[in-house]
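Colleague: Shown below is the structure under consideration.
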Amino acid sequence: MLFDPNSYQPEHLDAETQRLLRATIDWFENRGKRQLIADAQDKVWYSEFLDFVKREKLFATFCTPQSEAGQDANKRWDGARNAAFSEVLGFYGLQYWYAWQVTVLGLGPIWMSANAEARQKAANLLDSGAVFAFGLSEKEHGADVYSTDMLLTPTEDGYKANGGKYYIGNGNVAGMVSVFGRRTDIDGTDGYVFFAVDSQSDNFKLIKNVVDSQMFVSEFRLEDYPVSEADILHTGAEAFSAALNTVNVGKFNLCTASIGICEHSFYEAITHAHNRILYGSPVTDFPHVKQNFVDAYARLTAMKLFADRSVDYFRSANDTDRRYLLFNPITKMKVTSEGEQVIDLLWDVIAAKGFEKDTYFTRATADIRALPKLEGTVHVNLALVLKFMPNYLFNPKQYDEVPSRHDATNDDFFFKQGPARGLGKIQFHDWEPVYAEHAHIPNVQLFHEQANAIKTLLTTAAPDEKQQQDLDFLLNLGHLFTLVVYGQLVLEQAKITGTDPKLLDQIFDFLVRDFSGYAVALHGKTSSTEKQQQWALGQVRKPHSDQERFDHVWEQVKGLSGAYAMRP
């Protein structure tokens with residue numbers, strides 16, 4: 001289940017993609033662990049990595065839509081291979097992934113634009129090795145686009161832009177920066193503007209790197225920056241939608257980066273623990289250590305299963321099938337949060353080793369925390385997820401089955417998602433059949449009972465008017481609902497890939513426990529009613545225990561000891 005650079009053969013992807021992924025792996029392995037760690041510790045700008053990206057045309061190949069690719073048949077925006085690339089970059093270091101991620105975000109408003117001149121310019125810059133940036137967040141307002149202080153004042157030949165942006169990755173070198181602002185002469189949403197700027201312009205004032213890291217997360221200001229019609233990407237409500245739709249595209253990379261970080265950390269942790277002798281026995285002989293490793297492995301497997309299936313829904317989306325708008329925030333919010341849990345479980349075992357400066361793990365402990373907090377916090381994404389709950393649970397719709405999507409085609413819909421509204425009207429296919437199909441797996445059956453109980457809660461003890469304004473209460477309900485969706489896509493992907501049923505049972509072991517935990521938390525909420533408290537306690541379940549199953553999964557985990565170590 002885990003990515004292993006030694007044996008990685010993504011045969012489900014086309015030949016050129018396989019070559020580029022292999023070249024990326026080899027670049028990192030040849031550079032070696034010591035150099036990567038030293039560069040991170042010394043906060044060295046990763047110019048050699050960007051030179052490699054330029055030489056192999058990595059970002060150009062993976063980030064150029066087919067419509068802008070000219071005669072290059074290998075260039076396309078393909079969600080499946082982009083997810084694989086993101087996982088590889090996360091595996092070796094968040095800083096390298098970050099250069100890719102903010103390029104993805106910076107390109108979003110450009111590829112969504114009708115401005116052919118700007119699109120051609122972006123394609124040419126990509127081909128020359130440039131990276132891009134996404135100028136949305138501001139120091140005082142964060143990503144609150146309603147309150148932007150980036151102001152465009154009309155002039156005789158266009159506009160003058162003035163204002164600051166904050167947390168802008170690649171802002172030091174970006175070939176183009178997609179900047180969100182508003183016109184001073186038009187009120188309301190009609191005044192929104194997305195426009196492109198050059199980070200090397202004299203009117204672009206780079207202030208500082210706001211983080212203590214290899215990556216450059218910039219603060220910059222535009223001072224009387226001249227903006228012509230050729231620089232305008234979107235105006236009005238379309239600019240607002242471009243911001244949100246770009247984040248829809250970019251959210252996905254966070255989950256795959258988290259997966260890559262956890263995979264590399266897992267190899268280090270199991271190899272260290274299994275070969276360390278304490279009190280005359282390997283550390284992994286202790287029952288609590290085995291439990292931590294099995295839980296971490298089950299959670300990491302579930303992360304991969306959910307993310308892989310979610311890609312299929314995004315790639316298959318269209319104007320009448322927007323189910324991805326639920327699955328994407330869960331990949332961002334839930335998978336990245338699970339990544340934190342995986343690292344914590346491993347860290348509790350390896351303890352002081354996780355602080356040592358010559359390990360990948362010590363970088364991972366810091367980097368894994370960042371991902372749930374980018375492209376919207378967990379709380380923002382949970383609030384978004386709640387919009388879909390009524391239709392998901394009570395109002396299913398018949399859809400054709402979404403296939404596994406590894407085809408080498410361009411994902412055109414990513415850049416024509418349309419207006420960012422109507423979320424509450426989106427319908428989903430019936431979530432229960434895949435649970436019923438796996439009812440022979442004890443913990444799936446237990447979890448299905450818990451999941452079904454949410455419908456009982458909402459029909460017999462639904463949040464009252466006051467509770468519907470209580471975000472603390474609603475977010476806990478959002479966690480419970482998210483688990484249902486998470487389990488559904490895990491089962492769908494497990495069916496496609498033929499996942500080991502015992503491993504699947506172990507996955508639902510922790511899902512049963514997690515659901516119970518959130519139920520207890522709901523019981524303890526200040527505003528919970530007596531009926532809600534009774535419901536909550538009624539959902540506390542002990543997972544079905546099976547020592548033979550546990551031992552079977554443990555053998556898989558133990559087999560990873562020594563399976564991979566990065567070259568020195």
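Colleague: Would you please state the base-10 log of I(q)/I(0) at q = 0.26 1/Å for region 473-536, with intensities from the Debye formula using one equal scatterer on every alpha carbon?
Modeller: Listed by q, the Debye log ratios stand at -1.05.
Colleague: To continue, here is another question. Filter the trypsin sites (Lys or Arg not before Pro) in region 318-400 down to the DSSP loop ones having no more than 12 other Cβ atoms within 10 Å, then list what survives.
Modeller: Sparse-neighbourhood loop trypsin sites (Lys or Arg not before Pro): K357.
Colleague: Sorted by accessible area (1.4 Å probe), largest first, how do F134, F28 line up? Let's see the in-between values first.
Modeller: Working: F134 25, F28 0 Å².
Descending order: F134, F28.
Colleague: Counting Lys +1, Arg +1, Asp -1, Glu -1, what net charge surrounds D312 among other residues with beta carbon under 14 Å of its beta carbon?
Modeller: -1
Colleague: Fully extended, how many nm does the chain gain between E223 and A383 (0.36 nm per residue separation, minus their Cα-Cα distance)?
Modeller: Stretched out fully, the E223 to A383 stretch lengthens by 54.0 nm.
Colleague: How many nm is it between the label spots at A521 and D144, if each spot is 7 Å from the Cα in line with the beta carbon?
Modeller: Result: 2.5 nm between the two label points.
Colleague: Moving on to the next point. Bin width 5 Å, origin at 0, all Cα-Cα pairs of region 90-130: what percent of pairs per bin?
Modeller: Result returned by the calculation: 5, 23, 24, 21, 14, 8, 4, 1.
Colleague: Taking N as the number of residues in region 418-488, what value does Rg over Cα atoms divided by 2.2 N^0.38 Å take?
Modeller: Region 418-488 yields a ratio of 1.31.
Colleague: Going by alpha carbons, how many degrees (0 to 90, nearest 10) lie between the helix axis of 79-92 and the longest principal axis of the chain?
Modeller: It works out to around 80 degrees.
Colleague: Percentage of Cα-Cα pair distances in region 351-417 greater than 15 Å, rounded to whole percent?
Modeller: Counting every Cα pair in region 351-417, those more than 15 Å apart make up 77 percent.
Colleague: Please compute the Kirkwood hydrodynamic radius of region 264-363 from all pairs of different C-alpha atoms, in Å with one decimal.
Modeller: Over region 264-363, the inverse of the mean reciprocal pair distance is 15.3 Å.
Colleague: Oh, and also: Taking the Cα centre of each part, how many Å lie between region 325-396 and region 457-503?
Modeller: When both Cα centres are located, 16 Å separates them.
Colleague: Need the list of lysines near K33 for cross-linking: C-alpha distance under 21 angstrom, and skip anything on the same chain fewer than eight residues off.
Modeller: K43, K353, K357
Colleague: Pop out the carbon and sulfur fraction of the accessible area of the chain as a percent, whole number, probe 1.4 Å. Walk me through the numbers on the way to the answer.
Modeller: Working: 10980 of 22350 Å².
Ligands and nucleic acids excluded, carbon and sulfur reach 49 percent.
Colleague: Here's another thing I want to ask about it. Could you give the nm distance between label points at D348 and Q9, where each point is 7 Å from its Cα heading toward the beta carbon?
Modeller: According to this spin-label approximation, the distance is 3.8 nm.
Colleague: Taking a quarter of the surface of the Cα convex hull of region 118-212, what do you get in nm²?
Modeller: Working: hull surface 27.8 nm².
Computing the convex hull of the Cα atoms and averaging its projections yields 7.0 nm².
Colleague: What percent does the relative contact order of region 1-157 come to when contacts are Cα pairs within less than 8 Å and at least six residues apart? Walk me through the numbers before you get to the answer.
Modeller: Details: 113 pairs, mean separation 32.5, N = 157.
The value is 21 percent.
Colleague: Can you give the convex hull volume of the alpha carbon atoms of region 1-99 per residue, in Å³? Kindly include the intermediate steps, with their values, before the conclusion.
Modeller: On the way: hull volume 10.4 nm³, N = 99.
Residue-normalised Cα hull volume stands at 105 Å³.
Colleague: For region 109-154, what is the Kirkwood hydrodynamic radius in Å, using each pair of distinct C-alpha atoms?
Modeller: About 12.8 Å for region 109-154.
Colleague: Here is a follow-up. Given a Förster distance of 22 Å, report the FRET efficiency between T460 and K397 from their Cβ-Cβ distance, rounded to the nearest 0.05.
Modeller: Details: r = 25 Å, r/R0 = 1.13.
After rounding to 0.05, the efficiency reads 0.30.
Colleague: For the pair T320 and T184, what calculated FRET efficiency results from E = 1/(1 + (r/R0)^6), where r is the Cβ-Cβ distance and R0 = 45 Å, to the nearest 0.05?
Modeller: Efficiency for this residue pair is about 0.70.
Colleague: Over region 439-568, what per residue volume does the convex hull of the Cα atoms give, in whole Å³?
Modeller: 151
Colleague: For q = 0.05, 0.06, 0.12 Å⁻¹, what log10 I(q)/I(0) does the chain give under the Debye formula with an equal point scatterer on each alpha carbon and no solvent?
Modeller: Normalising to I(0) and taking log10 leaves -0.21, -0.30, -1.23.
Colleague: How many percent of the alpha carbon pairs in region 63-156 exceed a separation of 18 Å?
Modeller: 58
Colleague: Turning to a different aspect of this structure: With a sphere of radius 14 Å drawn around the Cβ of K387, what net charge do the other residues whose Cβ falls strictly inside it have (Lys, Arg +1; Asp, Glu -1)?
Modeller: It works out to a net charge of +4.
Colleague: Please report, to two decimal places, log10 I(q)/I(0) for region 208-316 at q = 0.10, 0.16, 0.17, 0.20 Å⁻¹ as given by the Debye formula with identical point scatterers on the Cα atoms and no solvent.
Modeller: -0.59, -0.98, -1.03, -1.13
Colleague: Write down the accessible area per residue of the chain in Å², having rolled a 1.4 Å probe over the full set of protein chains. Show your work: numbers first, answer last.
Modeller: Values: 22350 Å² over 568 residues.
For the chain, the per-residue accessible area is 39 Å².
Colleague: Distance check, please: which entries in K334/K387; K139/K251; K75/K332; K387/K425; K332/K373 exceed 18 angstrom between their Cα atoms?
Modeller: K139/K251; K75/K332
Colleague: Moving on. Against the longest principal axis of the chain, how steep is helix 94-111, in degrees 0 to 90 to the nearest 10, with axes from Cα atoms?
Modeller: The answer is roughly 50 degrees.
Colleague: Follow-up question, since we're still on this one. Going through region 416-486, which GluC sites (Glu not before Pro) have at most 14 other Cβ atoms within 10 Å and a DSSP loop state?
Modeller: E465
Colleague: Could you compute how much accessible surface D464 exposes when probed at 1.4 Å, giving the result in Å² to the nearest 10?
Modeller: Answer for D464: close to 70 Å² accessible.
Colleague: Principal axis lengths of region 187-254 from Cα atoms, whole Å, largest first?
Modeller: That works out to 37, 34, 21 Å along the principal axes.
Colleague: If you don't mind, there's one more thing I want to ask. Using only Cα atoms, tell me the angle between helix 33-42 and the longest principal axis of the chain; keep it within 0 to 90° and round to the nearest 10.
Modeller: 60
Colleague: Output the Kirkwood hydrodynamic radius of region 413-454, Cα pairs only, in Å rounded to one decimal.
Modeller: Averaging 1/r across every pair of different Cα atoms and inverting gives 13.0 Å.
Colleague: In 10 Å bins starting at zero, report the fraction of Cα pairs in region 455-496 per bin as a rounded %.
Modeller: All Cα pairs, binned at 10 Å, distribute as 25, 41, 23, 11, 1 percent.
The values are calculated or read from the model by the stated rules, or taken from the named source; none is laboratory data. This is a predicted model, so every value here is computed, not measured. All Cβ positions, glycine included, derive from the backbone under ideal geometry; neighbour counts span all protein chains shown. Note: accessible area is taken over every heavy atom of the protein model, side chains too, but ligands, DNA and RNA are not part of it. Shrake-Rupley method; radii C 1.70, N 1.55, O 1.52, S 1.80 Å.
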